[in-house]
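Worksheet: the structure to be examined is printed underneath.
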Amino acid sequence: MAAAAAQTLRFKPADEAARFSQNALTEAARRCRESCVVVESSDGGVGVGFGGSLVVGDDGARVIGSLPGLWPEHLGCRSFTEVHGCRFPYVVGEMANGIATAEMVVAAHRAGFLGFFGAAGLPPARVEAAIDTIEAALLGTPNPTSWGINLIHSPHEPDLEMDIVALYLRRGVTRVSASAYMDLTPMVVRYAASGLTERSGRICRQNRVFAKISRTETAGHFLKPMPQAMLDDLVAAGHLSADEARLAARISVASDITVEADSGGHTDNQALPCVFPAVKQLALELSARHDLAALTGEPIRVGAAGGLGTPDAVAAAFAMGAAYVLTGSVNQSAVESGLSPKGRELLGGVRLGDVTMAPAADMFEMGVKVQVLKKGSMFANRAHKLYEVYKTSQSLETIPAAEKARIEKEVLRTTVEAAWESTRAFFEKRDPSQLEKAANDPRHKMALVFRSYLGQASKWAIAGDDSRALDFQIWCGPAMGSFNTWVAGTFLEPVAARTVAQIGWNLMEGAAVVTRAQQLRSMGAPVPDAAFVCRPRPMSL
């Protein structure tokens, strides 16, 4: 711009720069996809112009700043979308027991997201059927393999975990989200190391592990090179080649780390602004120490999950440096969800205080808890009662008579003896080794009976069993409450109108608007609070 004692700036041939008003700057934020220039005149008035070119005048105006167009695709790390073949740095998370259905994964893919099927709790045959459905639906689409499946740690069923990994390798599933791990297991290491090759001096991954964690100590396991002793055992067992093990010993198990804060299901109830920076810093330190970026040609990407139910929360995650965001609870209310219509309607009425912690079915004896819906369900109270009895009794037979009668009437709805018979029949097919252990350990037998209630409670919610409506176990975090508040009075308020695409597009577009409003404010423009509000609207991005 030519020097002048007094200059004025205006836009041509497009809009004249509007004088400052609440509406002008709010509009500037909402038109985030357009480039703009913010101008301050000599009397302190602020103008915003879009498009057009600048010409010089003489009234002492000055440019506060200029901004290029900001698209939701620009949020997060470009490496994420390039490597995973999706348009947006946005993941539709893997809600267990098939609640994140094959249809949800397909819908996420078509919307430009990365979707994960909820395999946890399902037998291998059901998981393979989902793979068939996804592959058939995405055949012929761009990046047809850009999707993934859950791999959950199964401490009580290691053989099942091994069978699931074998299935994924056989079917060519190239992405898994590893969850509920407190340490590495041979199965997750086998998956990560399988198919490793070296080209032009770089180690190339065939399979990618998203490690979903909420603690730095757990993240460290996935961020360090794979353990040599474990690799040697896998080679000896014929699960890895010597060359795969050699390469695996140099790189991390995970290519992506999902930092999970206060979420539905398994959670440590961490605050995202506290745990995310700590894990991000650890990832940078370990990546530098082991030269991971140079070895693989890409950074270790750290994403954010938990509590992301509004554009403000999503924008905040990206502002902290998240490479991608992952949503879970909010997608359970979508039409593609495997949750029953009755369960989805319950979620549609959730507010912030309507969630609580309850004993987990898969880690009951360890005292591990999951976050579930409290409003409209007695599940949490009944699950806590079972755990209290488990801690104070040595067997089913030693439960005090009054307590036993209450459990039989209100929780099991049958005698403990009949409950054991149905539990025994289940484990005869699922895992007979559990019955052997129960024969020698009365407390384990009691745990299996109590776990059967916890496990079936989530299935009743999926099936919509009216006779068990008060026992529905619906995994849910506080994001569901904030989401419902945000969509109230909009087209997304009715549960029947909620789709994975509309939820994700509105969250990402809204996050771009919030980000643009903050950019304008950081330039010194007096941006009003209204500019940070982006209400849902039907989209087709």
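Put +1 on the Cβ of every Lys and Arg and -1 on every Asp and Glu Cβ in the chain; which of 98, 316, 475 then has its Cα farthest towards the positive end of the dipole? Selected residue: 316.
Would you mind checking region 173-212 for residues with the amide N under 13 Å from a putative spin-label position 7 Å along Cα→C-beta of residue 159? Of the residues in region 173-212, none has backbone N under 13 Å from the label point off residue 159. Projecting the Cα atoms of 275, 355, 252 onto the charge dipole of the chain, computed from C-beta unit charges around the Cα centre, puts 355 farthest toward the positive end. For residue 251, the residues 5 or more places off, or on other chains, whose built amide H falls under 5 Å of its own are 226.
Using the Cβ of residue 430 as centre and a radius below 14 Å, the other residues enclosed give a net charge of -2, where K and R count +1 and D and E count -1. When only the Cβ of Lys, Arg, Asp and Glu is charged (+1, +1, -1, -1), the dipole of region 73-339 relative to its Cα centre reaches about 640 debye.
State the extension gain, in nm to one decimal, for the chain segment bounded by residue 395 and residue 288, taking 0.36 nm per residue of separation less the distance between their alpha-carbons. Kindly include the intermediate steps, with their values, before the conclusion.
Working: separation 107, 0.36 × 107 = 38.52 nm, distance 5.21 nm.
Full extension from residue 395 to residue 288 adds 33.3 nm.
What angle do you read, to the nearest 10 degrees and between 0 and 90, between the alpha-carbon axis of helix 500-522 and the longest principal axis of the chain? Between the helix axis and the principal axis of the chain, the angle is about 40 degrees. Each Lys and Arg adds +1 at its Cβ and each Asp and Glu adds -1 at its Cβ; summed about the Cα centre, the chain shows a dipole of about 440 debye.
Between the residues 539, 376, 343, the greatest Cα displacement towards the positive end of the dipole of the chain, with unit charges on the Cβ of Lys, Arg, Asp and Glu, is found for 539. For the residue pairs 385/429; 280/445; 369/404, alpha carbon separations beyond 31 Å are given by 280/445. Positive contributions from Lys and Arg (+1) and negative ones from Asp and Glu (-1), summed over other residues with Cβ under 15 Å from the Cβ of residue 521, come out at -2. Near residue 328: Cβ cut-off under 9 Å, other residues only, Lys/Arg at +1 and Asp/Glu at -1. The net charge is -2. Contact order, relative form, for the chain: 15 percent (alpha carbon pairs under 8 Å, 6 or more residues apart, mean separation divided by residue count). Between the alpha-carbon centres of region 474-518 and region 134-189 there is a gap of 28 Å.
So what is the calculated 222 nm ellipticity per residue for the chain, using -39500 (n - 2.57) for each DSSP H run with n of 4 or more, over all residues, to the nearest 500 deg cm²/dmol? Helix-only estimate at 222 nm: -12500 deg cm²/dmol.
Ranking 471, 233 by Cβ neighbours within 10 Å, fewest first, what do you get?
Working: 471 22, 233 16.
Least to most surrounded, the residues fall as 233, 471.
Each value in this text was obtained by applying a stated rule to the coordinates, not by laboratory testing. Since the structure is predicted, the reported quantities are computational estimates derived from the model, not experimental observations. Every residue, glycine as well, gets a Cβ built from its backbone with ideal geometry; the counts of neighbours run over all protein chains shown.
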